[in-house]
1. Less than 12 Å Cβ to Cβ from L158, Lys/Arg counted +1 and Asp/Glu -1: what total charge do the surrounding residues give?
2. Through the Karplus equation 6.51 cos²θ - 1.76 cosθ + 1.60, θ set to phi - 60°, convert the phi angles of segment 145-153 into ³J(HN,Hα) values in whole Hz; use x for Gly and Pro.
3. About the Cα centre of segment 218-296, how large is the charge dipole given +1 on each Lys and Arg Cβ and -1 on each Asp and Glu Cβ? Please answer in debye to the nearest 20.
4. How much of the DSSP beta bridge set in the chain is antiparallel, as a percent to the nearest 5?
5. Going by the alpha-carbon gyration tensor, a ≥ b ≥ c the square roots of its eigenvalues, is segment 74-181 rounded (a/c under 1.5) or, if a/c is not under 1.5, prolate (a/b greater than b/c) versus oblate?
6. Convert each backbone phi in segment 39-44 into a coupling constant with the Karplus relation 6.51 cos²θ - 1.76 cosθ + 1.60 (shift: θ = phi - 60°), then list the ³J(HN,Hα) values in order as whole Hz, x for Gly and Pro.
7. Taking a cut-off of 23 Å, what percent of all Cα-Cα pairs in segment 1-128 are separated by more than that?
8. Given the Cα-Cα distance of A451 and S138 and 0.36 nm per residue of separation, how much length would full extension add, in nm?
Amino acid sequence: MDVQAVATQPFSGQKPGTSGLRKKVDVFQQPHYLANFVQAIVNALPAGQRRRLVVGGDGRYFNDQAIQLILEILVANGIAEVLVGADGLLSTPAVSNLIRQSKADGGIVLSASHNPGGPGKDFGIKFNNASGSPAPESVTDAIYHQTQSITEYRRVELPAVKLAVGSQYRFLETTIKVVDSVADYAALMQQLFDFDRIKSAIAGGSLDLCFDAMHAVTGPYARRIFGDLLGVDPVQLRNCTALADFGGGHPDPNRVYARDLYEFMMTEQAPPLGAASDGDGDRNMIVGRGAFVSPSDSLALIAQHHTSIPQFAAGLKGVARSMPTSTALDRVAQSLNLPCYETPTGWKFFGNLLDDGLVRLCGEESFGTSGDHVREKDGVWTVLCWLSILADRRQSVADLLRQHWTEFGRSYYCRHDYEGLPPDQAQETLEQVLSQRDSLIGSRCGSMTVADVNVFSYQDPVDGSVADNQGVRVIFDDESRVVYRLSGTGTDAATVRVYLEQIERESTRQGQDAIVYNEVLGRFANHIAAIEARTGMAEPTVKT
Ligand code: G1P
Ligand code: ZN
């Protein structure tokens, strides 16, 4: 078994985005493309951090071939131990947990999250550090730098490595261990939540769940945790067989792509709680019977009811949200007398805050929430938070929402995505808003007056690093907002995301549909950025 030094050349465009390197799968299937990137990850790892790495993916098309190649490169580079999920499967939060539990130096996650999978669809790879967190920008910059100057990668040709649970292999200096994809993660959940309590509420008929795994990686996690351990009827666990193309769907848990679950939850037959998760298991959607919970509200309500969740029995210390996420969390934090941090979009920005114990709960408007137990957002965990709250409070989701809005005001929140734009046009919309700053200030949308227009930049309170240019904000006198930013996860054309938040403090006006409520503000946002004038798009492609 010989280590080969394979001559190669840099590919352009291997710069990681919001969440790693995402491209069409045929880009990854080109000779050397993936190998270059994996070698760049290894090259960027300090010599003392090549002891143990975790590897797993969401099972999408090309997962198997990618893992075989990654193992060949890691063996050739003399990594002492590699832990791989059985069949190459690990949800993103499970990778994060396994890195932490096994005290690994990091991990490689294969996923394009909620983007479709299959031939011609999307694939992705990212590196997580020793705390289980997506690598911070200093590390992704170092990896990118390596990809630009790479001249060779190391590889050994291995026989097809069968990833059956419990298997162990030794090649050259490397041991490869194949671990159960679910067991460690399920054990962690059992430590964090009161399973007996949830289970007896389900057995007693006062609580129940319908979960949609969207044919993605959380299927086996849902069967084990919700089915075997908590006693949810298997017929309520939908689409739990993981498929390489996610059944042809978009494994994105929102009202558009998880429509069947959403519609079922709006009927009389619905159980108290419905939930869905995405391709790699880090996103979640929460719906009560007749009551959709926006991700920003879900985060705020978890904070409000954190004493119902055993993990947070000692208190929250602090909380964090990404900048475009609604300010509902801030109002709860204020009432609990907790610091609330505002970070740029992308889970990696929560890493330092969690590592330093400044916060214990974080979330993003893009259907992501998690605690300090891992360093990724965590879909199944969020469902367990809601089951805990419902088992403890004995109120419906709809009642909990109403109560929250009455006490804290309602942030009517939605996001308008304008997809498929030429990158220049997308960038120009943001510049358009900024260039109008002086005339916008003082102008009105309905009863609201623009108080400020600015660009968000962030200084990490732990290491002092600065992230500039993280979105353009139009802020009204009543704290309502429009935020514009460009997506950093797309695999082809550009997407402008427009985030709309209006705060309604009057309880008699809190019961409307958020998408309808935000129509006028959405048109205002389109107009001041000249989106229609520039692109011809009067309406966004997707409203969530
Ligand atoms: C999107 C979301 C962001 C999330 C990321 C990864 O990134 O907006 O909150 O962290 O996916 O799931 P974007 O495409 O907006 O850069
Ligand atoms: Zn995801």
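1. Charge balance near L158 sits at 0.
2. Taking θ as phi minus 60°, the curve returns 4, 4, 5, 7, 10, 5, 10, 7, 10 Hz for segment 145-153.
3. 140 debye
4. Of the beta bridges lying entirely in the chain, close to 70 percent run antiparallel.
5. rounded
6. Karplus-based 3J(HN,Hα) across segment 39-44 equals 5, 5, 4, 4, 4, 7 Hz.
7. Summing the P(r) of segment 1-128 above 23 Å gives 26 percent of all pairs.
8. 109.2 nm
The values are calculated or read from the model by the stated rules, or taken from the named source; none is laboratory data. Since the structure is predicted, the reported quantities are computational estimates derived from the model, not experimental observations. Positions of Cβ are generated from backbone atoms using ideal geometry, with glycine treated the same way; all protein chains shown enter the neighbour counts. The area values use the complete protein model at the heavy-atom level, side chains included, leaving out ligands, DNA and RNA. Shrake-Rupley method; radii C 1.70, N 1.55, O 1.52, S 1.80 Å.
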